[in-house]
Amino acid sequence: MRNYDHLGEVFREFRSNRSISLKQIADEIVSVSQISRFERGETDITVTRFLRLLENMHVEINEFMEAARGHDKSETIRFMSQLTPLEYKRDVDGFRRLFNEQKEKYEKSPSVYEYRLNMILAQSFICKCDELVPFPREYLDEASDYLFSVDEWKIYELILVGNLYLFMDLPLLDRMGREIVSNHSRNRANRRLIIVVLLNIFETCLHRDALAAAAYYRDSVLPLIEDETWLYERNLYHFLLGLYLYKSGEKEAEKKEMEQSVQIYEWLGCRNLARNYTEDLKKYAN
């Protein structure tokens, strides 16, 4: 659902980059004050006046709209780029600032629904970093409604699922996972992200002792990890397969398989992963 509330901002960037003043492009149809309010996002202008301004600035409509779409994408990239560093530091205050920034943008431009989704995404990180903070049910319902209204899940939708899965009940979680599996052939560009999300769902099913659901992801992920260079994904699958078999009753042999996976992460210098899955091994396999 693309929005164009930022057209005034993009227009100002064009004008500034060309060192053109407001007076130079204003005329008897569009005044300086009208252009200024449009650039600040305070008012819209008619299509006729907008095209007149582009003509006065010697900018083709195709050139302008391409820049507008790139600007929209860069906003998303800027937001996403802040998530991982904050997560590594478990910076709850940083995520709260990010949440408030997106909330302010959404209140200013409520037609830009992506700001609302970014708020929900930031809140999920707050709750993951501080387990005492509950994730609002209405956020989960809202995000779910959005996801199932989208024809094709691309990178943004996959990231949304990949960060909300911890807060989903098993039926919703399984529904999300099966949706990803059924559509992965149309989304080969995001194959690696798809695998990671499915592994997270596989792991969550195991943690909740939902072995029948876990078996579906055990079988669905295996054909996707044929690339031998994907060491993280293949080793995590190896660990989770061991945990699945362990919970299914095959104890000591599969515990050794999980210990081997942890050892591989240690050999690769992935100390955080090794520590996390050592804790997992102690918690679920003792």
Filtering the stretch 168-227 for residues that are closer than 19 Å to Ser144 by Cα, free of Cβ contacts under 8 Å to residues at least 24 places away in the same chain and of a type in the set (Lys, Arg) leaves a count of 1
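If a residue must be in contact (Cβ under 8 Å) with a residue 40 or more places away in the chain and within 19 Å of Cys205 (Cα to Cα), how many such residues does the stretch 245-276 contain? Spell out the reasoning first.
So the first thing to find is which residues in the stretch 245-276 are in contact (Cβ under 8 Å) with a residue 40 or more places away in the chain, and the list is 247, 273.
So of that shortlist, the ones also within 19 Å of Cys205 (Cα to Cα) come out as 247.
Count: 1.
In the stretch 240-253, which residue that is out of contact with any Asp or Glu (no Cβ under 9 Å at 6 or more places or on another chain) and within 18 Å of Ala212 (Cβ to Cβ) is modelled with the highest pLDDT? Walk me through it before giving the result.
Taking the stretch 240-253 as the starting set, the residues that turn out to be out of contact with any Asp or Glu (no Cβ under 9 Å at 6 or more places or on another chain) are 249-253.
From the residues that got through so far, the ones that are within 18 Å of Ala212 (Cβ to Cβ) too are 249-250.
Numbers: Gly249: 82, Glu250: 69.
Here the answer is Gly249.
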Name the residues in the stretch 198-238 that are hydrophobic (A, V, I, L, M, F, W, C), over 18 Å from Leu166 (Cβ atoms) and in a helix (DSSP H, G or I), would you? Leu211, Ala212, Ala215, Val221, Leu222, Leu224, Leu231
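Residue-by-condition table, conditions (1) at pLDDT 95 or above; (2) assigned by TED's automatic domain parsing to the domain that holds Phe239; (3) over 25 Å from Ser248 (Cβ atoms):
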| residue | (1), (2), (3) |
| --- | --- |
| Asn118 | no, no, yes |
| Phe135 | yes, no, yes |
| Leu147 | no, no, yes |
| Trp153 | no, no, yes |
| Met168 | yes, no, no |
A careful count of residues in the stretch 108-141 that are farther than 14 Å from Leu166 by Cβ and either within 15 Å of the chain's Cα centre (by Cα) or buried (at least 21 other Cβ atoms within 10 Å of the Cβ) (or both) gives 9
Pick from the stretch 1-17 the residues that are at pLDDT 80 or above, of a type in the set (D, E, K, R) and over 14 Å from Glu63 (Cβ atoms): which of them is surrounded by the most Cβ atoms within 10 Å (Cβ to Cβ)? Arg12
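Mind listing whichever residues of the stretch 214-248 are of a type in the set (A, V, I, L, M) and under 25 Å from Tyr156 (Cα atoms)? Reasoning before the result, please.
Step one: list which residues in the stretch 214-248 are of a type in the set (A, V, I, L, M), which gives 214-215, 221-222, 224-225, 231, 236, 240-241, 243, 245.
The answer is Ala214, Val221, Leu222, Leu224, Ile225, Leu231, Leu236.
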What helices (runs of 4 or more DSSP H), lying completely within the stretch 72-132, carry at least 1 residues that are within 12 Å of Ile159 (Cβ to Cβ)? 83-88, 113-129
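The values are calculated or read from the model by the stated rules, or taken from the named source; none is laboratory data. Every value quoted in this text rests on a predicted model; they were computed, and no experiment measured them. With ideal geometry, Cβ positions are generated from the backbone for all residues, glycine too; neighbour counts draw on all protein chains shown.
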